[in-house]
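Data block below; observations after.
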Amino acid sequence: MTESPRQRILVFRALPGLGDLLCAVPALRALRAGEPDAEITLLGLPQAAPFVQRFPDLIDRLEVFPGFPGLPEQPVRQAELLALLQEAQGRYDLALQMHGSGPISNVLVSLLGADAIAGRFGPGQWCLDPARFLPYEEGQPEPLVWLRLAEFLGYPARGEELTFPVHAADREALRALPGAGTLAPGRYAVLHPGASQPARRWSPRNFAQVAQRLAARGLRVVLTGTPAEAEVTRAVAEALPVPDVLDLTGQTELGTLAALLADARLLVSGDTGVSHLAAATRTPSVVVFLASDPARWAPLDRERHRVVVGDDLGAVLAEVDTLLGREVARVR
């Protein structure tokens with residue numbers, strides 16, 4: 001008996017943030033459960049490589065997105081784009097657009113030459129295939145936008161929650177960082193003041209006030225951030241009225257950051273990738289929304305993860321106190 005060829009699926013999601021990738025996990029999980037033997041390729045940005053390596057059960061390979069006219073995430077590398085379009089012809093059984101509402105991304109997906117294409121389309125846009133395209137819904141939680149698409153395509157949900165595997169090697173790498181070996185699980189809180197967009201950053205002075213409250217509750221304060229956010233975390237550190245703060249800015253890779261969060265009592269941050277990582281590790285969090293839509297980007301579990309909209313220090317402190325009054329289960 002001749003074995004049927006392996007299904008080949010391409011998922012286009014070339015958004016730049018960690019949170020953008022984590023929000024796709026529920027849909028990818030449903031897709032994998034429905035196509036357990038398929039080769040699933042992510043067409044994404046180069047920085048998606050650590051994410052792909054972390055989820056070999058969901059994604060088999062990364063195809064680096066060379067840019068496309070009208071999409072701002074990546075300058076167009078024309079020769080590589082032409083090569084991608086040529087090499088993709090007839091290669092994929094399904095090309096799935098999970099990049100956005102579709103005015104430009106659907107054009108790209110339609111040019112890949114897949115046997116079938118699927119995705120979402122915005123108001124007034126042409127629907128490429130009513131059997132495989134859903135209208136894009138504004139104001140819906142980002143993980144559910146794409147999970148509902150997977151369900152529409154016949155792949156039942158395998159849970160709505162975000163997940164992130166934390167390995168023993170991640171915990172060992174965390175303990176090897178200067179000062180991190182003294183952190184006791186459940187006895188520290190993480191402050192992440194930075195964000196890729198300055199408009200999403202809460203003031204350093206407010207973060208310092210939160211740190212004071214955390215220290216008063218007996219928690220050690222840990223600062224995190226990317227190397228590009230060093231100036232922001234430095235401003236917080238300089239305003240801190242509490243001693244014994246551990247600053248890990250620029251020292252954590254994706255795995256060590258996840259390990260740090262998994263054992264933290266609490267995270268306080270703006271709307272940025274680390275808030276989605278906290279949702280994936282089930283770390284209680286308070287997320288401050290200043291310039292983005294909480295209906296779309298806030299964690300789904302509003303009991304474990306509290307949302308404050310606007311520059312309201314009192315509201316953040318109140319949510320911190322609420323979460324610290326609860327017992328939590330940890331990811332091990």
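General observations
- Of all residues in the range 112-136 being out of contact with any strand residue (DSSP E or B) (no Cβ under 8 Å at 6 or more places or on another chain) and farther than 14 Å from VAL11 by Cα, the one that is surrounded by the most Cβ atoms within 10 Å (Cβ to Cβ): GLN125
- Only residues that are closer than 19 Å to GLY325 by Cα and either β-branched (Val, Ile, Thr) or assigned to a helix (DSSP H, G or I) (or both) were counted in the range 210-230, giving 8.
- Residue in the range 138-154 that is in a loop (DSSP other than H, G, I, E, B), over 18 Å from the mean Cα position of the chain (by Cα) and surrounded by 17 or more Cβ atoms within 10 Å (Cβ to Cβ) present: yes
- Qualifying residue in the range 189-197 (condition: in contact (Cβ under 8 Å) with a residue 24 or more places away in the chain, surrounded by fewer than 16 Cβ atoms within 10 Å (Cβ to Cβ), in a loop (DSSP other than H, G, I, E, B) and more than 17 Å from the chain's Cα centre (by Cα)): no
- Test set (1) touching a Pro at 6+ places or on another chain (Cβ under 7 Å); (2) more than 19 Å from LEU261 (Cβ to Cβ) - THR233 fails condition number: (2)
- Residue under evaluation THR233, criteria (1) open to solvent by 30 Å² or more (accessible area, probe 1.4 Å); (2) modelled with pLDDT under 95; (3) in a helix (DSSP H, G or I), criterion not met: (1)
- Restricting the first member to the range 31-50 and to residues that are closer than 20 Å to VAL109 by Cα and open to solvent by less than 10 Å² (accessible area, probe 1.4 Å), and the second to residues that are of a type in the set (Gly, Ala, Ser) and not in a strand (DSSP E or B), the beta-carbon pairs closer than 6 Å and six or more apart or on different chains are LEU31/ALA150; GLY44/ALA14; LEU45/ALA14.
- Members of the range 301-317 found to be out of contact with any Asp or Glu (no Cβ under 9 Å at 6 or more places or on another chain) and either among the charged types (D, E, K, R) or without any contact (Cβ under 8 Å) to a residue 24 or more places away in the chain (or both), listed by number: ARG302, GLU303, ARG304, VAL309, GLY310, ASP311, ASP312, GLY314, ALA315
- The residues on offer are THR252, THR256, and the sole one that is within 26 Å of VAL52 (Cβ to Cβ) and part of a loop (DSSP other than H, G, I, E, B) is THR252.
- Residues satisfying the stated conditions in the range 220-246, i.e. touching a His at 6+ places or on another chain (Cβ under 7 Å) and in contact (Cβ under 8 Å) with a residue 40 or more places away in the chain: THR224
- Residues of the range 226-259 classified as of a type outside the set (D, E, K, R) and on the phi > 0 side of the Ramachandran plot, total: 1
- Within the range 66-92, tally of residues that are open to solvent by less than 40 Å² (accessible area, probe 1.4 Å) and touching a Lys or Arg at 6+ places or on another chain (Cβ under 9 Å): 3
- Check on VAL328, at pLDDT below 95, outside any helix (DSSP H, G or I), touching a Gly at 6+ places or on another chain (Cβ under 9 Å) and of a type outside the set (S, T, N, Q): yes
- Annotation note: of ARG205, ARG200, ARG217, ARG175, the sole residue that is free of Cβ contacts under 8 Å to residues at least 24 places away in the same chain, of a type outside the set (Gly, Ala, Ser) and surrounded by fewer than 20 Cβ atoms within 10 Å (Cβ to Cβ) is ARG175.
This table checks each residue for (1) within 20 Å of SER203 (Cβ to Cβ); (2) open to solvent by less than 40 Å² (accessible area, probe 1.4 Å).
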position	(1), (2)
THR256	no, yes
THR283	no, yes
ASP301	no, no
VAL309	yes, no
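- Residue pairs meeting the criteria (Cβ under 7 Å; at least 6 apart or on separate chains; first in contact (Cβ under 8 Å) with a residue 24 or more places away in the chain, in the range 127-143; second part of a loop (DSSP other than H, G, I, E, B) and among the small types (Gly, Ala, Ser)): TYR136/SER101; TYR136/GLY102; TYR136/GLY122
- Residues of the range 101-111 classified as open to solvent by 10 Å² or more (accessible area, probe 1.4 Å), small (Gly, Ala, Ser) and closer than 23 Å to GLY17 by Cα, total: 1
The values are calculated or read from the model by the stated rules, or taken from the named source; none is laboratory data. Remember, predicted model here, so these are calculated numbers, not experimental data. Ideal geometry is used to build each Cβ from the backbone, glycine not excepted, and the neighbour counts take in all protein chains shown. For accessibility, only protein heavy atoms count, side chains too; no ligands or nucleic acids. Shrake-Rupley method; radii C 1.70, N 1.55, O 1.52, S 1.80 Å.
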